[in-house]
Amino acid sequence: MREDRSASGNDRMSPASSEDAHGDRRIRGATLAIVNGNVWGAPHATAVLADGERIVAVGPERFSAERVLDAGGLAIIPAFNDAHVHFLSASRSLGQLDLFGAASVAEVETRIHRYAAAHKGGWIVGRGWLYSAFPGGMPDVALLDRLVPDRPAYIESFDAHTGWANSRAFEIAGSAARGVLKEAAMESVARHIPRPSRDEDLDALRAGMRLAASRGIGSVQEAGGGQDQLELWRSLRDRGELTARVRLAFDLTPKTDIAGYGKPGPGDGWISTGILKAFADGVVESKTAAMLAPYEGSDEKGEALWSHDQLGAAVRAADAGGWQVQIHAIGDAAIRMALDAFERTTTGRRHRVEHIETPDPSDLHRFARLGVVASMQPQHSDPAVTGAWRDNLGRERSERGWPWRALSESGARLAFGTDWPVVPLDPFASLRMATRTLAVDEAINAWTSGSAYAEHKDREKGEVREGMLADLAVIDLERSVVRATVVGGRVVYES
């Protein structure tokens, strides 16, 4: 009978081994050997052996197994773990209008014309426009009316905090308003867009998982709305179709009845929950991030989405109920509010602040002291998308943005992700941004062991060592190429 593999790695027994006719070490029942590589975090180790879902050996030997994958001298790392992603909405967007990277109005117009010509009838739905593409930082209804005059159109900004609708969409929504929609106001139009069917959502998740596997990603942490997605993920799991592990964050709003979620459960090896997601503020680009001082050349400071006492009380209630909490906080005032909310919570819960784009320097030391995880997305700092961000903050505040190095040096735990679809699902692009100030190993650790720590899975994944889950990626760091991705000991992508 096959040994029980549900216990922690420290409790497992090593299976018997032998040598085959070629002198390769073969472990009885081993299902996958990755050989001829460079094992991350294990000097001199060149191979990894898996038996089922678990790593059973790491070393310099020429392992043999039912399946042998030659790494060709590339790095064998823990599979990337995206600590902050909007996986379902991003997967849905794969078939929608994509304006990400369009740097001018002319390019925006071209992409909309091409998409509209190829997709006749119904709503035009898309996302990704950059504030910097438009004079004054915002698009207007007249432009979209000209581009799409005959049917409703709704296009989210790249950060998903501003909506651009045409007049036909406003008419369908029964709204007399005409203009860009910020934050909660977006829903006034968005709720009228036809919803995908269950089968369409399942197909979207399948497409998203294929993309994730091709990028070396073995785990994703869904940052909100998880309570509405459990059935979809469980259906794919029960069909044996999951190629990525998922953690689902449930929504925490000022109106949330936490007791209605019940007690957080442990989940299984593929789907877990146990975390609540709150928004403390918006984003810098639309001046909805909550700041301690006004935006550059403005009297606006943005507004927090909770009162200080209200957020603190909600976090304490969640903490007392056994829930981990993650708080979206971008502006320095919102970041301080989030840290204040965590000040009187249970040590060891690993509460998290998400994004941390422009913290006040005096708050940086609090992350380590409070045991709060710094969950950050390095691609957000790409100069290609930060024009409006820098203009709104001014030179002094923008130069101290995204301080992952200072947080790491202070002893805080970093967890990296993409925030897809805000930016592309691309760990390599993230690493390029992060390594402007971090060492490569620090950045990869934030993408692997750091993200595993952030979801309380650091005893299961995030390292390449015996007893851990066989979630691995074979990558060429220099060329930003994935050779293969393995999840649960199964090859889910091979170039």
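Quick check on the stretch 342-353. Is at least one of its residues surrounded by 23 or more Cβ atoms within 10 Å (Cβ to Cβ), under 20 Å from K182 (Cα atoms), touching a Gly at 6+ places or on another chain (Cβ under 9 Å) and not charged (D, E, K, R)?
no
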Residue, surrounded by the fewest Cβ atoms within 10 Å (Cβ to Cβ), within the stretch 191-217, restricted to residues that are farther than 18 Å from W270 by Cβ and acidic (D, E): D199
Residue in the stretch 60-82 that is surrounded by fewer than 20 Cβ atoms within 10 Å (Cβ to Cβ) and of a type in the set (V, I, T) present: yes
Test: residue in the stretch 435-457 that is at pLDDT below 95 and either aliphatic (A, V, I, L, M) or over 19 Å from the mean Cα position of the chain (by Cα) (or both): no
Among residues of the stretch 247-278, those that are buried (at least 22 other Cβ atoms within 10 Å of the Cβ) and aromatic (F, W, Y), counted: 1
Qualifying residue in the stretch 411-434 (condition: of a type in the set (D, E) and either over 26 Å from G224 (Cα atoms) or modelled with pLDDT under 95 (or both)): no
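Being in contact (Cβ under 8 Å) with a residue 60 or more places away in the chain and either out of contact with any Phe, Trp or Tyr (no Cβ under 8 Å at 6 or more places or on another chain) or not hydrophobic (A, V, I, L, M, F, W, C) (or both) is the requirement here; does H161 meet it?
Numbers: in contact (Cβ under 8 Å) with a residue 60 or more places away in the chain: yes; either out of contact with any Phe, Trp or Tyr (no Cβ under 8 Å at 6 or more places or on another chain) or not hydrophobic (A, V, I, L, M, F, W, C) (or both): yes.
Spelling it out, H161 is indeed in contact (Cβ under 8 Å) with a residue 60 or more places away in the chain and either out of contact with any Phe, Trp or Tyr (no Cβ under 8 Å at 6 or more places or on another chain) or not hydrophobic (A, V, I, L, M, F, W, C) (or both).
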Some residue of the stretch 84-99 being more than 30 Å from V487 (Cα to Cα) and at pLDDT 95 or above: yes
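Here is a yes/no grid of residues against (1) farther than 29 Å from I475 by Cβ; (2) at pLDDT below 95; (3) over 18 Å from the mean Cα position of the chain (by Cα); (4) not in a loop (DSSP other than H, G, I, E, B):
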{"position": "I155", "(1), (2), (3), (4)": "yes, no, yes, yes"}
{"position": "R168", "(1), (2), (3), (4)": "yes, no, yes, yes"}
{"position": "E171", "(1), (2), (3), (4)": "yes, no, yes, yes"}
{"position": "R178", "(1), (2), (3), (4)": "yes, yes, yes, no"}
{"position": "E200", "(1), (2), (3), (4)": "yes, no, yes, yes"}
{"position": "D203", "(1), (2), (3), (4)": "no, no, yes, yes"}
{"position": "S235", "(1), (2), (3), (4)": "yes, no, yes, yes"}
Boolean, L477 is of a type outside the set (D, E), touching a helix residue (DSSP H, G or I) at 6+ places or on another chain (Cβ under 8 Å) and either modelled with pLDDT of 95 or more or assigned by TED's automatic domain parsing to the domain that holds G59 (or both): yes
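Just checking, which of V474, V481 is touching a residue at least 12 places away in the same chain (Cβ under 8 Å) and either buried (at least 20 other Cβ atoms within 10 Å of the Cβ) or aromatic (F, W, Y) (or both)? Write out each step before concluding.
Working: V481 fails: either buried (at least 20 other Cβ atoms within 10 Å of the Cβ) or aromatic (F, W, Y) (or both).
Sole residue among the options that is touching a residue at least 12 places away in the same chain (Cβ under 8 Å) and either buried (at least 20 other Cβ atoms within 10 Å of the Cβ) or aromatic (F, W, Y) (or both): V474.
Hey, among G282, G262, G312, G269, which residue is in contact (Cβ under 8 Å) with a residue 40 or more places away in the chain and either over 27 Å from E396 (Cβ atoms) or over 24 Å from the mean Cα position of the chain (by Cα) (or both)?
Just a single option satisfies the conditions, and that option is G269.
Would you call D98 under 20 Å from G489 (Cα atoms) and surrounded by fewer than 22 Cβ atoms within 10 Å (Cβ to Cβ)? Let's see the steps before the verdict.
Numbers: under 20 Å from G489 (Cα atoms): no; surrounded by fewer than 22 Cβ atoms within 10 Å (Cβ to Cβ): yes.
Taking the combined requirement at face value, the residue does not satisfy it.
The values are calculated or read from the model by the stated rules, or taken from the named source; none is laboratory data. Since the model is a prediction, treat every value here as computed from it, not as a measurement. Counting neighbours? That spans all protein chains shown, and the Cβs are built from the backbone with ideal geometry, glycine included.
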